[in-house]
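First up is the structure itself, then whatever we jot down about it.
The values are calculated or read from the model by the stated rules, or taken from the named source; none is laboratory data. No experiment lies behind these values; they were computed from the predicted model shown. Cβ placement follows ideal geometry from the backbone for every residue including glycine, while neighbour counts extend to all protein chains displayed.
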Amino acid sequence: MRPLHIIYEDESLVAINKPSGLLVHRTKIAAEETEFALQILRDQIGSWVSPIHRLDRPTSGVLLFSKNPELMPSLKQQFEERKAEKVYWAICRGIPAQKYGKIDYALTSEYSNNRQEALSNYKVISECEIPFDTTGRYPTSRYSLIEVKPETGRTHQIRKHLAHLRHYIIGDKKHGDNKQNHFFEQQFGLKHLLLHSKSLSITHPISGNQILFTADPPVHFVKITTDLSLSLPKDASQKLA
């Protein structure tokens with residue numbers, strides 16, 4: 001495994017740009033796996049680390065760790081109280097009729113049968129139409145690059161919310177559209193989920209300053225935007241504590 005791309009580090013925090021396909025830590029669901037971001041990062045920097053939030057295995061992007069166990073409660077509290085702002089990019093089937101809005105759709109917990117409040121804000125960044133019939137009904141197919149800011153942090157929330165709108169994320173094998181996934185694999189060689197954690201903003205637990213972590217999208221994500229002629233926004237500058 002190559003060293004992880006560290007996008008920020010100080011005496012308290014370390015943030016990485018997690019590659020798609022890498023688990024954050026050990027789990028019974030994927031007992032056969034031997035590589036995890038937690039262990040790789042710990043060995044790479046020679047320090048105790050623990051993830052402050054979750055990131056799905058196929059999702060790439062900003063993943064934040066604490067280097068001090070005493071800071072974990074206050075850091076996690078920011079996420080629980082919705083003070084941490086997360087921004088994701090997703091490439092989806094179709095173009096939403098509303099170019100921006102809020103998805104207010106409760107989701108069933110994957111650990112129980114309880115319905116949980118789930119809120120996501122979205123806006124369309126770019127859209128395109130290509131001369132391929134991927135559904136067997138129309139001579140062309142349309143896609144969009146969507147920015148999503150989740151207010152809550154439910155498991156697979158963005159994937160489920162966009163599926164609820166029937167704007168499935170390309171490459172999503174669990175909640176997506178298999179016809180679209182097959183088309184992108186055959187036409188463009190895509191084998192990844194096109195969901196990227198672009199940025200995360202929190203209050204630094206020591207300095208009290210607002211800090212913004214940003215992560216460039218991976219090569220496969222950029223390639224598809226080029227193939228589809230979707231326009232990526234200019235990167236925001238990273239603010240350090």
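Within the stretch 51-144, which strands (runs of 3 or more DSSP E) (wholly inside it) include 3 or more residues that are surrounded by fewer than 18 Cβ atoms within 10 Å (Cβ to Cβ)?
Strands (runs of 3 or more DSSP E) meeting the threshold: 100-104, 119-130.
Has the stretch 206-225 got any residue that is more than 16 Å from the chain's Cα centre (by Cα), farther than 15 Å from residue 92 by Cβ and part of a helix (DSSP H, G or I)?
Checked the stretch 206-225: at least one residue is more than 16 Å from the chain's Cα centre (by Cα), farther than 15 Å from residue 92 by Cβ and part of a helix (DSSP H, G or I).
Residue by residue through the stretch 3-28, note down the ones that are modelled with pLDDT of 95 or more, touching a helix residue (DSSP H, G or I) at 6+ places or on another chain (Cβ under 7 Å), part of a loop (DSSP other than H, G, I, E, B) and not aliphatic (A, V, I, L, M).
12, the sole residue that qualifies.
Quick check on the stretch 215-236. Is at least one of its residues under 17 Å from residue 18 (Cβ atoms), modelled with pLDDT of 95 or more, crowded, with 17+ Cβ neighbours inside 10 Å and aliphatic (A, V, I, L, M)?
Yes: one or more hits.
Taking the stretch 29-47 as the region of interest, how many residues are part of a loop (DSSP other than H, G, I, E, B), among the small types (Gly, Ala, Ser) and modelled with pLDDT under 90?
1
Somewhere in the stretch 76-88, is a residue small (Gly, Ala, Ser), at pLDDT 95 or above, within 19 Å of the chain's Cα centre (by Cα) and at positive phi?
Filtering the stretch 76-88 down to residues small (Gly, Ala, Ser) leaves 84.
Cutting the leftovers down to at pLDDT 95 or above gives us 84.
Among the residues that remain, those that are also within 19 Å of the chain's Cα centre (by Cα) are: 84.
Next, only the ones that are at positive phi stay: none.
Looking through the stretch 76-88, none of the residues is small (Gly, Ala, Ser), at pLDDT 95 or above, within 19 Å of the chain's Cα centre (by Cα) and at positive phi.
Does the stretch 138-195 hold any residues that are β-branched (Val, Ile, Thr), over 26 Å from residue 84 (Cα atoms) and touching a residue at least 12 places away in the same chain (Cβ under 8 Å), and which are they?
Filtering the stretch 138-195 down to residues β-branched (Val, Ile, Thr) leaves 140, 146, 148, 152, 155, 158, 169-170.
Now drop any that are not over 26 Å from residue 84 (Cα atoms), which leaves 140, 170.
Within the stretch 138-195, just 170 meets the criteria.
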